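Take a look at the following structure, please.
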Amino acid sequence: MNDLSRRLADLVRGVPGVVTLYDASPLPSRILEAAAGIGGLALGSTADVAKSADNIVSVIEGDDLTAISVSIGVSDTASASAVCRAVHDLIAEQFGGPSPDRTISVRISSIG
Amino acid sequence: MTELDETGLDGHTLDELSDYLDRGRVPADPAIEASPGCQIALRALERVRTVSASLLAGEARDTADDGWVATIIGSISLDARAGRDIPVTHSDPSARLSLTEGAVRGLIRAAGDSVGGVLIGRCRLDGDVTIPGEPITVHVDASVFYGERIPDAAQRVRQAIYRDLGRHTELVVEAVDVTVHDVQAPGTPGRTPR
């Protein structure tokens, strides 16, 4: 799972206009991970961010559905909406195109 | 003293971000750099610093009323919150594409600040931004610098916001309302516009 997440992260970083990847894992899981210890670190600490780097693209596989989520920061030199679609299409391409068994969420969290 | 709402800063405070800028963002703080809210706030803080430094230059800075700067800085943390998801359409029905409201407010603030002679305060999107094609209205508060013609400055802000929203989003912007709250003269207390 980490390999897939890392591979997708590398691909997304290569899309023109993408300047940053943010942690896309759901907030409850981040809270649980932080609470689980990892040395008792507080949420948002440096180590917490470093730990989540391998899963910065969230990939959740269920019985019937795979959900991929990515949160990005984009530059203001290209259309944010166009970059959003380009990131989606690149990820979909890795899985052989669109499928009803898969959702791909791309969220632009900062521009500029 | 007005209490700041800093919930959009992922556990950080504007004071921390201000100190971080003072240090030239060195050493890099991974938690701040990994927070979209902090990134939006840092960019806005940098613009406010640049503008207020040039406006309140030299000795006059010590005697000037910096209250308007504090008000603008307070609004930065509010506007940095992620807020609602604004959809981006795609032909694939399984695609879930969006921009955060915080990202769009940051874009609006940057557009307004870029026109010169103006600093944007609070920014609000009225209307259901979560429904594609739904008309919305943008409201911004602005401080205009002394010597600027207020109607011209407001028009420049409006044009810049329309331009950038049209370029980056699919929002249907029905109106951009600009409310000028005060006029700032170099080294003097803020004045209420006529």
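Filter region A:81-92 for residues that are touching a helix residue (DSSP H, G or I) at 6+ places or on another chain (Cβ under 9 Å) and without any contact (Cβ under 8 Å) to a residue 60 or more places away in the chain and give the result.
A:Ser81
For the subset of region B:79-105 comprising residues that are hydrophobic (A, V, I, L, M, F, W, C) and in contact with a Leu (Cβ under 8 Å, 6 or more places away or on another chain), which member is nearest to the other protein chains (Cβ to nearest Cβ)? Lay out the reasoning, then the answer.
Initially, region B:79-105 is screened for residues hydrophobic (A, V, I, L, M, F, W, C), giving B:80, B:82, B:86, B:88, B:95, B:97, B:99, B:103-104.
Next, from what is left, pick out any that are in contact with a Leu (Cβ under 8 Å, 6 or more places away or on another chain): B:80, B:86, B:88, B:104.
On the way: B:Ala80: 9, B:Ile86: 9, B:Val88: 5, B:Val104: 8 Å.
So the residue we want is B:Val88.
Then there's this: Of the residues B:Ile131, B:Ile136, B:Ile150, which is over 12 Å from the mean Cα position of the chain (by Cα), away from chain A (no Cβ under 14 Å) and within 29 Å of A:Thr66 (Cα to Cα)? Steps first, please.
Details: B:Ile136 fails: within 29 Å of A:Thr66 (Cα to Cα); B:Ile150 fails: within 29 Å of A:Thr66 (Cα to Cα).
Only one candidate qualifies: B:Ile131.
Moving on to the next point. What is the number of the single condition among (1) in a helix (DSSP H, G or I); (2) surrounded by fewer than 15 Cβ atoms within 10 Å (Cβ to Cβ); (3) modelled with pLDDT of 90 or more that B:Ser54 does not meet?
That leaves (3) as the condition not met.
Mind listing whichever residues of region B:118-137 are crowded, with 21+ Cβ neighbours inside 10 Å and either free of Cβ contacts under 8 Å to residues at least 12 places away in the same chain or touching a Phe, Trp or Tyr at 6+ places or on another chain (Cβ under 9 Å) (or both)?
Passing the criteria: B:Val118, B:Leu119, B:Gly121.
Can you find, within region B:30-48, the residue that is nearest to B:Arg81 (Cα to Cα) among those that are more than 9 Å from chain A (Cβ to nearest Cβ) and not aliphatic (A, V, I, L, M)?
So the residue we want is B:Cys38.
If you don't mind, another one. I need a count of the residues in region A:16-44 that are modelled with pLDDT of 95 or more, part of a loop (DSSP other than H, G, I, E, B) and surrounded by 18 or more Cβ atoms within 10 Å (Cβ to Cβ).
1
Filter region A:90-112 down to the residues that are assigned to a loop (DSSP other than H, G, I, E, B) and in contact with a Lys or Arg (Cβ under 8 Å, 6 or more places away or on another chain), then identify the one that is farthest from the other protein chains (Cβ to nearest Cβ). Spell out how you get there, then give the answer.
Restricting attention to region A:90-112, the residues satisfying the condition of being assigned to a loop (DSSP other than H, G, I, E, B) are A:95-101, A:112.
Filter again for in contact with a Lys or Arg (Cβ under 8 Å, 6 or more places away or on another chain), leaving A:95, A:112.
On the way: A:Phe95: 11, A:Gly112: 6 Å.
Across region A:90-112, the extreme among qualifying residues is A:Phe95.
Here are some residues: A:Val70, A:Val87. Which one is modelled with pLDDT of 95 or more, outside any strand (DSSP E or B), more than 7 Å from chain B (Cβ to nearest Cβ) and surrounded by 21 or more Cβ atoms within 10 Å (Cβ to Cβ)?
Numbers: A:Val70 fails: outside any strand (DSSP E or B).
Among A:Val70, A:Val87, only A:Val87 is modelled with pLDDT of 95 or more, outside any strand (DSSP E or B), more than 7 Å from chain B (Cβ to nearest Cβ) and surrounded by 21 or more Cβ atoms within 10 Å (Cβ to Cβ).
Only residues that are in contact with a helix residue (DSSP H, G or I) (Cβ under 8 Å, 6 or more places away or on another chain) and surrounded by 15 or more Cβ atoms within 10 Å (Cβ to Cβ): list them for region B:140-166, please. Write out each step before concluding.
First, the residues of region B:140-166 that are in contact with a helix residue (DSSP H, G or I) (Cβ under 8 Å, 6 or more places away or on another chain): B:140-145, B:157, B:160-161, B:163-165.
Once the filter is applied, which keeps residues that are in contact with a helix residue (DSSP H, G or I) (Cβ under 8 Å, 6 or more places away or on another chain) and surrounded by 15 or more Cβ atoms within 10 Å (Cβ to Cβ), region B:140-166 yields B:Val140, B:Asp141, B:Ala142, B:Ser143, B:Val144, B:Phe145, B:Val157, B:Ala160, B:Ile161, B:Asp164, B:Leu165.
Which one of B:Ile108, B:Ile73 is within 14 Å of another protein chain (Cβ to nearest Cβ), in contact (Cβ under 8 Å) with a residue 24 or more places away in the chain, out of contact with any His (no Cβ under 6 Å at 6 or more places or on another chain) and among the hydrophobic types (A, V, I, L, M, F, W, C)?
B:Ile108
The values are calculated or read from the model by the stated rules, or taken from the named source; none is laboratory data. Values in this document were obtained by computation on a predicted structure and should not be read as measured data. Virtual Cβ from ideal backbone geometry, glycine too; neighbours counted across all protein chains shown.
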